[in-house]
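Here the structure comes first, spelled out in structure tokens, and everything after it is commentary.
The values are calculated or read from the model by the stated rules, or taken from the named source; none is laboratory data. This structure is a prediction, so every number in the text was calculated from the model and none was measured. Backbone-built Cβ (ideal geometry, glycine too); neighbour counts: all protein chains shown. Note: accessible area is taken over every heavy atom of the protein model, side chains too, but ligands, DNA and RNA are not part of it. Shrake-Rupley method; radii C 1.70, N 1.55, O 1.52, S 1.80 Å.
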Amino acid sequence: MSNSEFPDHEFRQEQEFIDGLYARVDALRGDTEVSVTDALGQGDTPMQARLERDILVAERSGLLAALNAVDGSLCFGRIDLSSGDTHHIGRIGLRADDEERTPVLIDWRADVARPFYLATGHTPMGLRRRRHITSEGRRVTALHDEILDLGDETRTGHEDPTGDAVLLAALNSARTGRMGDIVRTIQADQDRIIRAPHRGVLVVEGGPGTGKTAVALHRAAYLLYEYRELLARRAVLIVGPNPAFLGYIGEVLPSLGETGVLLSTVGELFPGVRATRADTPEAAAVKGRADMADVLAEVVRGRQALPDPVITIEHDREILMLDDGLVRVARERTRAAKLPHNASREYFEGHILNTLTDMVAERIGTDPYDGSNLLDPSDITQIRDELAENPEVWSAVDRLWPLLTPQRLVADFLAEPEDFLPAEDAAAIRRPVTRHWTVADVPLLDEAAELLGEDDRPARERADRERRTQIAYAQGVLDVSYASRTFEFEDKEEDDPESSEVLSAHDIIDAERFAERHEEDDHRSAAERAAADRTWAFGHIIVDEAQELSPMAWRLLMRRSPTRSMTLVGDPAQTSEAGGVGSWEDILAPYVEDRWEHTRLGVNYRTPAEIMDVAAAVVRAEHPGFEPPGSVRSTGVRPWARATDDLPGAVAEAVAELGGPQEGRLAVVAPRELHRALAARLDGVTAGAEPDLTHGVVLLDPRQAKGLEFDSVLVVEPGRYGTSDLYVALTRATQRLGVLHTEPLPKPLADALV
């Protein structure tokens, strides 16, 4: 008899619970509209009814949004306490509809659920049994029990002697092209990281396959649960290395009931720009250096010009001249305000207008006999106002202190960087003015935006006009209301004097407050608003592959986190970007000095020992003291290498040998210059396109593969990789690894594959 036919009491019991759980969920989904309709009639007043309706809608819609987002079984575990109590553990929490709101399903993030992840036979934490429930949809398929109270002789027949069956089943399952959650198999060391306080900077270091990305995502879900009010307002930002990676992890948080998170690459963190192109390694290194902030500051100062030699302005048939000395004084006084360039333009305009006003006043108002000024203050004001209407004055101001956009400033700088950089660096980054931005350009754009600021006068004027329009409209509505009310009571006043005491809208609200009540609300989520606002301060930021970010990228991110509430995830041994910092100390010292915590994940759940031994040998050849994470499993399948004269043909043949889609997901990791030839021999694979990780076979370069995992991996021409890139490529496989080459293998790799 199969498990699905419930041969014993334990299976029937759990299946009945699951059936009841989903019946409750179905009822909740079906009853929502009825409940809202009923709420409309509740309460003593219409205001009370609306309030109760709003509360109900908010409560139900939030829960339903989580239920609709959850992917996979709602319930995955049970803990039986020594006290006799039993709790079922799930992806989200559900309560009964009784007066006590009794918990039916405990959210995995709740404190009461923590023993499910931490309890051991040595430290049972009040548990006598832990049960893992495996299901497909609503059907229970397996139970695995761990006895934690060894004095309890009760047995169910589903005992797992090692307690690893569920974990190993998850590790050996075929990949789907999307990262799955690990909520059923969180290990004790991972749980401690997930539940760490959200304040301050936490660095989570771990080699390939240690689950650091999954831990970071579950940490985001936990923080959103534990600090819901704060983070719902400020949002959580998760930064990944590339769009393919974000697509790969994109379903994890929704499967845990969390959708209010912004996932982004560095190339997408400047509103209006979505940069995916990569620079040459030399250009990326130059653009990423910390001193580029000083370079851009000089570029901005260079746009605050002086006349060469003078600027002439015709005004009222007179010629006024702005020379170097006069403008220099105005420039220094403006700079002394220490405001961003565009924001300080108003000050510069004022200094120039005052200078020109003094010129005109001196010419027309000086007494020829004693040199005294004959003009009174009103005359001076009139002269200034007339100058402010002269187009030539504003043309001069635009030349001397132009309003600039970050895009214009950076594009002009990259087109002619020679005035600000050494010749070699200038040659590396020089390019014609273009609308296509690279990832390394985005931190430059953000730095430029900080230096430039905004001249908010046009926005203020626009808002003021809109406000006056709204108030005028509101006044019109009130006037119509007052007129109709007056007409209604004119005939009644003699018969009913008290009718004149009835309040009208005019009596209780004025036009300004009435307009405020009808202003449009912003219905976007916090994450949506944050994506459109460069100055947004996030409640928490999680950075994956953090070792790859340049100093300039870190300046951008630190602006988004003024409270320095961050989780940084990465592995310095996998640093491959030319501008990457690599060292945690170098990354954090400029911002938090030594006030940060470091923890390390040392267990490899992804990579079998046979593959990890080969990858570690490659790194040890360059770093003899290197210690890789220890693999928890062995498959008995050794990696292999094959030399060939026909690389595309050999790759196509190897893909067929490894089974392609029938054996899970397969990645061909090859240098970018080989992609076109290889794609021509692989069905459904297109060179240069954004990889579809759900396809059976994908073609990637080593940096695109970072953070991803596949059942099988073919590494092509490893002799063209640096050590870090090769280490990444070799550690993507969960089952099988092959190497194909026409060129000689790197000696450490050749020796390890013997």
In terms of the Cα gyration tensor, with a ≥ b ≥ c the square roots of its eigenvalues, is segment 233-324 rounded because a/c is under 1.5, prolate because a/b exceeds b/c, or oblate? prolate
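In segment 302-362, which trypsin sites (Lys or Arg not before Pro) are in a loop and have at most 13 other Cβ atoms within 10 Å, using DSSP for the loop call?
Arg317, Lys338
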If R0 = 35 Å, then Ser173 and Asp294, at their Cβ-Cβ distance, give a FRET efficiency to the nearest 0.05 of 0.10
On a full-extension model of 0.36 nm per residue, what is the gain between Asp645 and Asp358, subtracting their alpha-carbon distance, rounded to one decimal in nm? 95.0 nm
Average projection area in nm² (convex hull over Cα atoms of segment 251-387, one quarter of hull surface): 15.8 nm²
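Please say if segment 112-207 is rounded, prolate or oblate, where rounded means a/c under 1.5 for a ≥ b ≥ c the square roots of the C-alpha gyration tensor eigenvalues, and otherwise the choice is prolate for a/b larger than b/c and oblate otherwise?
Oblate shape, in that a/c is at least 1.5 and b/c is the bigger or equal ratio.
For Thr312 and Asp613, calculate 0.36 nm times their separation in residues minus their Cα-Cα distance, and state this gained length in nm to one decimal.
Contour length minus Cα-Cα distance gives 100.8 nm.
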Using θ = phi - 60° and the Karplus curve 6.51 cos²θ - 1.76 cosθ + 1.60, what whole-Hz ³J(HN,Hα) does each residue of segment 614-626 get, with Gly and Pro shown as x? 5, 5, 5, 4, 5, 6, 5, 4, 9, 10, x, x, 5
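Under the rule a/c < 1.5 gives rounded, and otherwise a/b versus b/c splits prolate from oblate, where does segment 546-646 land using the Cα gyration tensor?
The shape class here is prolate.
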Segment 152-214: GluC sites (Glu not before Pro) falling in loop per DSSP and having at most 16 other Cβ within 10 Å: Glu153
Simple label model, 7 Å out from Cα along Cβ direction - Leu403 to Ser583, nm: 4.5 nm
If amide hydrogens are placed 1.01 Å from N in the peptide plane, which non-local residues have theirs closer than 5 Å to the one on Thr734? Phe710, Asp711, Ser712
Going by average Cβ neighbours within 10 Å, how do the peptides 679-686, 99-106, 208-215 rank, with the highest at the top? 208-215, 679-686, 99-106
Which percent of the accessible area of segment 640-738 is formed by carbon and sulfur heavy atoms (probe 1.4 angstrom)? 44 percent
Local charge sum around Glu593 (other residues, Cβ-Cβ under 14 Å, Lys/Arg +1, Asp/Glu -1)? -2
Probe 1.4 Å, all protein chains in place: accessible area of Met566 in Å², nearest 10? 0 Å²
Once the other residues with Cβ under 14 Å from the Cβ of Thr644 are scored (Lys, Arg +1; Asp, Glu -1), what is the net sum? -4
If R0 = 22 Å, then Val112 and His523, at their Cβ-Cβ distance, give a FRET efficiency to the nearest 0.05 of 0.05
Write down, largest first, the equivalent ellipsoid semi-axes of segment 618-751 in whole Å, where each equals the square root of 5 times an eigenvalue of the alpha-carbon gyration tensor. 23, 17, 14
With every protein chain left in place and a probe of 1.4 Å, what is the accessible surface of Val543, to the nearest 10 Å²? 0 Å²
Please state the equivalent ellipsoid semi-axes for segment 538-588: what are the square roots of 5 times the Cα gyration tensor eigenvalues, largest first, in whole Å? 19, 11, 8
For segment 176-269, give the percent of accessible area contributed by carbon and sulfur heavy atoms, probe 1.4 Å, rounded to a whole number. 51 percent
Considering only protein heavy atoms, with the full assembly of protein chains and a 1.4 angstrom probe, order Glu389, Glu332 by accessible area, largest first. Glu389, Glu332
Relative to the present Cα-Cα distance, how much length would full extension add between Ala27 and Arg328 at 0.36 nm per residue of separation? 100.9 nm
Accessible area of segment 517-599 divided out per residue, in Å², using a probe of 1.4 angstrom: 44 Å²
Below 8 Å between Cα atoms, with a sequence gap of 6+, how large is the relative contact order for segment 288-350 in percent? 22 percent
Two-site label geometry, Asp160 and Arg676: point separation in nm, points 7 Å out along Cα→Cβ: 5.0 nm
